[in-house]
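Data block below; observations after.
The values are calculated or read from the model by the stated rules, or taken from the named source; none is laboratory data. Nothing here was measured: the structure is a model prediction, and the numbers come from that model. Please note: Cβ atoms are built from the backbone with ideal geometry, for glycine as well, and neighbour counts cover all protein chains shown. Surface accessibility is based on the protein's heavy atoms, side chains included, excluding ligands, DNA and RNA. Shrake-Rupley method; radii C 1.70, N 1.55, O 1.52, S 1.80 Å.
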Amino acid sequence: MLGYYSKLSSEVYDIDKYIGLSFGDVEFYSDRLASCTGNILEPGVGTGRILIPLLEKGLKVDGFDVSEEMLKICRNNCEKRGLKPKLFKGKMESFSLDAEYEAIIIPTGTFLLLHKREDSIKALKNFFSHLSNGGMLIVDIFLQTEVSTNKISTRTWESKSGGMITLEDKIVEVDHVNQYTVSHNRYEKWDNGKLIQTELERFPLRWYGIEEFKMILEQIGFEDIIISADYKYGQYPTDPTQIITFEAIVKK
């Protein structure tokens with residue numbers, strides 16, 4: 001079983017969540033970061049869907065990812081547009097830079113990939129230490145509304161290099177006590193009816209209660225926490241399917 005976001009899953013991500021696609025998040029992050037004159041960091045940068053629009057607005061954004069395949073696609077997407085951000089491989093809970101950032105952003109629920117509580121706490125403390133005085137953390141989470149181990153979903157995409165890629169996704173583990181699910185994903189690439197590549201992926205996702213996550217941020221030392229739902233600033237969530245964004249400030 002491979003780690004998440006290997007070759008096929010990274011290709012699918014680039015097709016499914018292409019540069020230029022927004023769920024309201026591109027506009028939201030652009031607006032919240034508009035006054036930033038210093039450096040911004042995006043952990044879990046992926047293929048650059050958020051990074052690239054921010055760079056094109058003149059913001060100074062660095063990015064890192066645990067997946068070398070994602071970084072390869074991100075670099076290519078940036079090069080096509082004449083952009084040269086600092087991109088590197090790293091983990092949220094353990095990256096160490098001799099730099100402080102004016103903002104750190106983790107959009108689209110990427111933070112939930114840290115399914116172990118101790119890793120997520122380490123990561124938040126790491127973000128805190130890498131933010132300057134007055135620096136801002138913005139992080140998206142979502143609630144787990146699908147926790148059945150019986151559901152299997154399948155999807156299909158046309159590959160940019162020809163042929164088709166299919167995905168079979170099944171939740172195989174639900175840990176209610178420790179608040180995470182684990183899915184097993186099977187990616188298959190087909191060309192003219194022949195299977196030419198297979199990739200297995202173990203995909204964990206953590207969940208948090210809304211007030212629980214706010215309390216964790218407060219315990220770490222973040223202040224002035226604003227909660228938003230579906231990228232409407234300051235509107236508290238009313239529906240379990242909404243994307244929930246936390247904005248928090250560092251005061252050292």
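If you check Tyr208, Tyr233, which single one turns out to be in contact with a Lys or Arg (Cβ under 8 Å, 6 or more places away or on another chain) and touching a residue at least 60 places away in the same chain (Cβ under 8 Å)?
Tyr233
If a residue has to be more than 15 Å from the chain's Cα centre (by Cα) and open to solvent by less than 50 Å² (accessible area, probe 1.4 Å) to count, how many in the stretch 49-60 make the cut?
Result for the stretch 49-60: 4.
(1) basic (Lys, Arg); (2) closer than 19 Å to Glu27 by Cα; (3) surrounded by fewer than 16 Cβ atoms within 10 Å (Cβ to Cβ): which one isn't true of Lys116, the others all being true?
Checking Lys116 against (1) basic (Lys, Arg); (2) closer than 19 Å to Glu27 by Cα; (3) surrounded by fewer than 16 Cβ atoms within 10 Å (Cβ to Cβ), the one that fails is (2).
Are any residues in the stretch 192-216 open to solvent by 50 Å² or more (accessible area, probe 1.4 Å) and part of a strand (DSSP E or B), and if so, which ones?
Residues satisfying the conditions are Lys194, Leu195, Ile196, Gln197, Thr198, Leu200, Arg202.
Could you check the stretch 172-191 and list, in sequence order, the residues that are under 16 Å from Leu143 (Cα atoms) and in contact with a Leu (Cβ under 9 Å, 6 or more places away or on another chain)?
Residues satisfying the conditions are Tyr180, Thr181, Val182, Ser183.
Which of the numbered conditions does Lys72 fail, given that it passes all the others? Conditions: (1) closer than 22 Å to Gln242 by Cα; (2) surrounded by fewer than 17 Cβ atoms within 10 Å (Cβ to Cβ).
Of the numbered conditions (1) closer than 22 Å to Gln242 by Cα; (2) surrounded by fewer than 17 Cβ atoms within 10 Å (Cβ to Cβ), the odd one out for Lys72 is (1).
Which members of the stretch 59-111 meet the condition of being within 29 Å of Leu143 (Cβ to Cβ) and among the small types (Gly, Ala, Ser)?
Selection gives Gly63, Ser67, Gly90, Ser94, Ala103, Gly109.
What are the pairs with Cβ atoms under 6 angstrom where one residue, in the stretch 56-73, is of a type in the set (Asp, Glu) and the other, located anywhere, is modelled with pLDDT under 95 and open to solvent by less than 50 Å² (accessible area, probe 1.4 Å)? Sequence gap at least six, or different chains.
Once the first residue is of a type in the set (Asp, Glu) and sits in the stretch 56-73, its partners that are modelled with pLDDT under 95 and open to solvent by less than 50 Å² (accessible area, probe 1.4 Å) give Glu69/Ser6; Glu69/Ser10.
Identify all residues within the stretch 11-46 that are in a loop (DSSP other than H, G, I, E, B), open to solvent by 40 Å² or more (accessible area, probe 1.4 Å) and closer than 14 Å to Gly135 by Cα; write none if there are none.
Listed by number, the residues that qualify are Ala34, Ser35, Thr37.
If you take the residues of the stretch 77-97 that are farther than 24 Å from Ile15 by Cβ and hydrophobic (A, V, I, L, M, F, W, C), which of them is surrounded by the fewest Cβ atoms within 10 Å (Cβ to Cβ)?
Phe88
Test Gly162 against the stated conditions and say whether it is part of a loop (DSSP other than H, G, I, E, B) and open to solvent by less than 50 Å² (accessible area, probe 1.4 Å).
yes
Please work out if Thr181 is part of a strand (DSSP E or B) and polar (S, T, N, Q).
Yes; evaluated as a whole, the condition is true for this residue.
Would you mind telling me which numbered condition in (1) open to solvent by less than 60 Å² (accessible area, probe 1.4 Å); (2) farther than 19 Å from Ile227 by Cα; (3) hydrophobic (A, V, I, L, M, F, W, C) Ile104 fails?
(2)
Do you know which residues across the stretch 171-206 are in contact with a strand residue (DSSP E or B) (Cβ under 6 Å, 6 or more places away or on another chain) and acidic (Asp, Glu)?
Hits for the stretch 171-206 are Glu173, Glu188, Glu199, Glu201.
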